[in-house]
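What follows is a set of notes on a single structure, which appears directly below.
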Amino acid sequence: MNARLLHECVKLLPSNIDIFDEMGVETMVLGDRYNFGFLNVHGFTEKNKGVNFEEGLQALGVEFLYDAPATAILMEDGVATGVQCESGKDVINVNAKAVLVCTGGYLANEEKVAAEYGGCKVVNMGSLNNTGDGERIVLAAGGVATLHEKRYYAIFSENTVNAMKDSPYYQSIGAPAAWTSAATMFSAPLANFDANLASAQEEGWCFKASSIAELAEVTGLETLPETVTEYDSYVAAGADPDFLKDPAFLQPIEDGSTAYYAFEYNPSAFNTFGGPRTDEQCRALDANSDPIPGLYVAGVENGSLFCSPYCAVGGSCSGLSQASGRVAAKAMVEYIANA
């Protein structure tokens, strides 16, 4: 998932409630329904909240088109320029300077659910309109719903690598209390250190160089020097504004070592969740991780925001759907202004 996008969404959650109040939609803090300790889940108290939302948006100039499902994103030279809809036998092209897709996922599409979950029957407790059309038309427009980073890298100084030969990595970074699993998983020095390190280099997934600049050349990671410099500035400040990494895990990379390593890994996963991939502005990404101009994805359709089942954190889908819509809207306004 995209930590920057999640961060932007969380920042908007308090002001969401203010917007609801302005539209006459009341909310309340619910109890801890799952005994997980989450006491700040908000629920709606209005019975006709949809009417209030619609009237509030119409007052802002928003137009609604009903009984006209979207069937395609209109594209011109790789740029999203609108949405094609069908109303009975009529085909309606809605031209637009930017398009936001947020149709609520695909839980009402029994065939797709069966294909995604190995034939398991999943009862749809949501809208019957959540048929996966949003994801389908974004993919048809060039979006991707799979991993978009083919490799990822761990960068270490030689001093740090060598320390793992003689002492547990967990201990070498100060045994942070927040990393409870490491007390057992990484409580011993790495076994067969020299042999395994040599094998990794021979197999081509471990790279060694005398400097970060040289390491960038060896690995083809062109922006590695700038990335390391920025990261080390966070280490010096004791705060990570990009990913909000716990300060206990902020360890410097450039530390005066005579060599530096890059370890290359393939992505792996326990499960999947979400749809088309986006960046932190909710811009739909193509197979090369480039934004598709004018096309945005929010809500549970967004494949870079949700990575956990709804029941794990009650209210997360609702709250982050609201916030991601605003993240997308802000980006769309800027995109249109600069078009």
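When you look at S268, is it of a type in the set (S, T, N, Q), modelled with pLDDT of 90 or more, over 15 Å from the mean Cα position of the chain (by Cα) and closer than 30 Å to A216 by Cα, yes or no?
Spelling it out, it is not the case that S268 is of a type in the set (S, T, N, Q), modelled with pLDDT of 90 or more, over 15 Å from the mean Cα position of the chain (by Cα) and closer than 30 Å to A216 by Cα.
One residue alone among A68, A72 is small (G, A, S), in a loop (DSSP other than H, G, I, E, B), open to solvent by less than 60 Å² (accessible area, probe 1.4 Å) and within 29 Å of A284 (Cα to Cα), and that residue is A68. Here G126 passes the criteria (1) in contact with a Leu (Cβ under 8 Å, 6 or more places away or on another chain); (2) surrounded by 17 or more Cβ atoms within 10 Å (Cβ to Cβ); (3) outside any helix (DSSP H, G or I) except the one numbered (2). Residues of region 6-26 that are closer than 30 Å to F243 by Cα, touching a helix residue (DSSP H, G or I) at 6+ places or on another chain (Cβ under 9 Å) and open to solvent by less than 50 Å² (accessible area, probe 1.4 Å): C9, L12, S15, N16, F20.
If you check every pair at least six apart or on different chains, which have Cβ atoms under 8 Å apart with a residue in region 141-155 that is polar (S, T, N, Q) first and a residue that is open to solvent by less than 70 Å² (accessible area, probe 1.4 Å) and at pLDDT 65 or above second? Cβ pairs passing all conditions: T146/R277. Of all the listed residues (F156, F207, F243, F186), the sole one being of a type in the set (A, V, I, L, M, F, W, C), under 30 Å from L285 (Cβ atoms) and out of contact with any strand residue (DSSP E or B) (no Cβ under 6 Å at 6 or more places or on another chain) is F243. Only residues that are without any contact (Cβ under 8 Å) to a residue 12 or more places away in the chain, assigned to a helix (DSSP H, G or I) and under 25 Å from the mean Cα position of the chain (by Cα) were counted in region 201-228, giving 2. In this structure, E54 does not qualify as open to solvent by less than 60 Å² (accessible area, probe 1.4 Å), within 29 Å of V29 (Cβ to Cβ) and in a loop (DSSP other than H, G, I, E, B). For the condition open to solvent by less than 50 Å² (accessible area, probe 1.4 Å), in a helix (DSSP H, G or I) and over 30 Å from A284 (Cα atoms), what is the one hit in A236, A198? Being open to solvent by less than 50 Å² (accessible area, probe 1.4 Å), in a helix (DSSP H, G or I) and over 30 Å from A284 (Cα atoms) holds for just one of A236, A198, which is A198. Looking only at region 245-267, residues that are more than 16 Å from Y152 (Cα to Cα) and surrounded by 13 or more Cβ atoms within 10 Å (Cβ to Cβ) come to 13 in all.
The number of residues in region 100-114 being open to solvent by less than 50 Å² (accessible area, probe 1.4 Å), touching a strand residue (DSSP E or B) at 6+ places or on another chain (Cβ under 9 Å) and not in a strand (DSSP E or B) comes to 0. So the check is Cβ under 8 Å with 6+ separation or different chains; which pairs have a first residue in region 6-23 that's over 15 Å from A298 (Cβ atoms) and a second one that's assigned to a helix (DSSP H, G or I) and open to solvent by 70 Å² or more (accessible area, probe 1.4 Å)? That search, which allows pairs on different chains as well, returns M23/E55.
Criterion applied to L74, L57, L39 was being farther than 26 Å from P291 by Cα, of a type in the set (A, V, I, L, M) and modelled with pLDDT of 90 or more, and the one residue passing it is L57.
The condition of being open to solvent by 60 Å² or more (accessible area, probe 1.4 Å) and either of a type outside the set (S, T, N, Q) or modelled with pLDDT of 85 or more (or both) holds for K97.
The values are calculated or read from the model by the stated rules, or taken from the named source; none is laboratory data. Since the structure is predicted, the reported quantities are computational estimates derived from the model, not experimental observations. Using ideal geometry, Cβ is built from the backbone for each residue, glycine included, and neighbour counts are taken over all protein chains shown. Heads up: the accessible areas ignore ligands, DNA and RNA and are worked out on the full protein's heavy atoms, side chains in. Shrake-Rupley method; radii C 1.70, N 1.55, O 1.52, S 1.80 Å.
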